[in-house]
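J.: Let me give you the structure first, and then I'll get to my questions.
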Amino acid sequence: MKGITHLLIGAGAGFASATALDAEGAVTVTMTCTAAVAALVPDLDTGGILSNRITFSHKAIRNITIFIGLLLILYSMWNLFGQDRYIGLAIGAGIMVLSRVINKKFMLLITGIAVLLTGLYTGHTWVVMSGCYIGIASFLAHRSYTHTLIGLIYFYILMTFFEQETALFGTQLAGTAGYASHLLADSRIFPVNKKGVKLLLPIIKKDF
């Protein structure tokens with residue numbers, strides 16, 4: 001299902017949550033937006049639509065890394081002598097070899113680590129949990145654990161801390177509803193979804 005569809009369904013879930021809480025106008029807008037964003041979160045896994053949006057292009061980073069390695073090699077050949085030249089050549093070659101491992105999964109992992117460190121620095125638990133989620137998602141296949149009840153429960157806990165630490169009333173419910181709406185929209189309840197989601201991983205691998 002396309003990202004815009006998940007976004008709209010999530011927004012609807014957020015609005016319904018706000019209505020259930022009889023929220024005021026500003027709170028309703030906040031809850032609706034929170035749920036809309038949360039509805040995209042399960043696709044942070046490798047191959048998901050959101051993983052391409054929160055990281056820099058891995059191809060661009062790879063090309064920049066190769067260019068840096070090449071410059072270092074040329075610099076070492078023309079400006080360094082003796083042992084320093086060999087060390088420079090080795091480092092330049094090493095950088096170029098390192099560029100081979102730079103892919104979307106690698107960039108997603110780096111993003112997760114950056115968010116995690118930001119959370120540790122600022123002391124916000126929800127940011128730390130977000131970094132952990134992104135980092136773990138970088139190792140997961142599309143529609144695996146981020147599309148399960150385990151992922152939903154984790155996100156519920158994350159949103160609990162988010163509401164506590166930001167004092168934004170209703171965001172825990174809205175965020176959880178938005179995340180759940182993604183799982184429902186990707187399920188086999190809808191005929192267009194032939195694959196469905198493995199909600200009960202790792203206990204049961206059946207698609208629902």
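J.: If the requirement is being open to solvent by less than 40 Å² (accessible area, probe 1.4 Å) and at pLDDT 95 or above, which of these qualifies: THR19, THR65, THR32?
T.: THR32
J.: Within segment 127-147, work out how many residues are over 22 Å from LYS194 (Cβ atoms), open to solvent by less than 70 Å² (accessible area, probe 1.4 Å) and in a helix (DSSP H, G or I).
T.: The total comes to 10.
J.: Next question, about the same structure. Checking LYS198 against (1) part of a helix (DSSP H, G or I); (2) crowded, with 17+ Cβ neighbours inside 10 Å, only one condition comes out false. Which one?
T.: (1)
J.: Hey, does segment 148-160 have a residue that's open to solvent by 70 Å² or more (accessible area, probe 1.4 Å), within 26 Å of ASP186 (Cα to Cα), in contact with a Lys or Arg (Cβ under 8 Å, 6 or more places away or on another chain) and touching a residue at least 24 places away in the same chain (Cβ under 8 Å)?
T.: no
J.: Which residues, counting only those in segment 101-114, are open to solvent by less than 70 Å² (accessible area, probe 1.4 Å) and more than 10 Å from the chain's Cα centre (by Cα)?
T.: Residues satisfying the conditions are ILE102, ASN103, LYS104, PHE106, MET107, ALA114.
J.: Could you pull out the residue among LEU116, LEU74 that is at pLDDT 85 or above and more than 30 Å from GLN172 (Cα to Cα)?
T.: LEU74
J.: Could you list, in sequence order, the residues of segment 75-90 that are open to solvent by less than 90 Å² (accessible area, probe 1.4 Å) and in contact (Cβ under 8 Å) with a residue 12 or more places away in the chain?
T.: Matches in segment 75-90: SER76, GLY88, LEU89.
J.: Give the number of residues within segment 163-188 that are assigned to a loop (DSSP other than H, G, I, E, B) and either free of Cβ contacts under 8 Å to residues at least 12 places away in the same chain or open to solvent by less than 50 Å² (accessible area, probe 1.4 Å) (or both).
T.: 4
J.: Would you point out which residue out of GLY94, GLY112 is touching a Cys at 6+ places or on another chain (Cβ under 8 Å) and more than 16 Å from ASN63 (Cβ to Cβ)?
T.: GLY112
The values are calculated or read from the model by the stated rules, or taken from the named source; none is laboratory data. Remember, it's a predicted structure, so these values are computed and weren't measured experimentally. As a convention, Cβ positions derive from the backbone with ideal geometry for all residues, glycine included, and neighbour counts pool all protein chains shown. Side chains are part of the model used for accessible areas, which takes the heavy atoms of the whole protein and leaves out ligands, DNA and RNA. Shrake-Rupley method; radii C 1.70, N 1.55, O 1.52, S 1.80 Å.
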